[in-house]
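The values are calculated or read from the model by the stated rules, or taken from the named source; none is laboratory data. Keep in mind the model is a prediction, meaning the values are calculated, not measured. Here the Cβ positions follow ideal geometry from the backbone for every residue, glycine too, while neighbour counts run over all protein chains shown. The protein model used for the area step is the full one, side chains on, heavy atoms only, and it has no ligands, DNA or RNA in it. Shrake-Rupley method; radii C 1.70, N 1.55, O 1.52, S 1.80 Å.
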Amino acid sequence: MRLRVAARLFFILYCIEAGTLLLLAPWSAGWERMVMELPVAGLRDLCLQPWLRAGLSGFGLVHLIWGAHDLELMLAGRRRRV
């Protein structure tokens, strides 16, 4: 396996993992438990705001779409070579 293909696969895996985490974590009970342990009250309030959670989830969705796009390009390139 060439280094370029391996690096592309690692990037696709990163996008899927980061995207899933960013999409789901802000809405989980674990997020609220973690935020409640923050030492600064203003930062706690900010992290519990729905618009911030939605922004993080949107960023996760961008990662998932980017990973799917790169995977599609990689598979299309393989089909052309075969």
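Quick look at the numbers
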{"read-out": "Most positive-pole-ward Cα, Gly55, Gly77, Gly67, against dipole of the chain from beta carbon charges", "value": "Gly77"}
{"read-out": "Of (1) 15.6; (2) 7.3; (3) 6.7, the label for mean projected area of the Cα convex hull in nm² derived from the coordinates", "value": "(3)"}
{"read-out": "Value at 222 nm in deg cm²/dmol, rounded to 500, when DSSP H runs of n ≥ 4 in the chain each add -39,500 (n - 2.57)", "value": "-28500 deg cm²/dmol"}
{"read-out": "Sulfur and carbon atoms: percent of accessible area, the stretch 7-73 [1.4 Å]", "value": "75 percent"}
{"read-out": "Total formal charge among the other residues, if their Cβ is under 14 angstrom from that of Arg78, Lys/Arg +1 and Asp/Glu -1", "value": "+4"}
{"read-out": "Protection-proxy order for peptides 44-53, 60-69, each taking the mean of Cβ atoms within 10 Å per residue, highest first", "value": "60-69, 44-53"}
{"read-out": "Pair Ser28, Arg4: separation of 7 Å Cα→Cβ label points (nm)", "value": "3.7 nm"}
{"read-out": "Total charge dipole magnitude, the stretch 2-76, about the Cα centre, Cβ charges on Lys, Arg, Asp, Glu only, Debye to nearest 20", "value": "220 debye"}
{"read-out": "Per residue value of the accessible surface for the stretch 10-82 (all protein chains in place, 1.4 Å probe), Å²", "value": "71 Å²"}
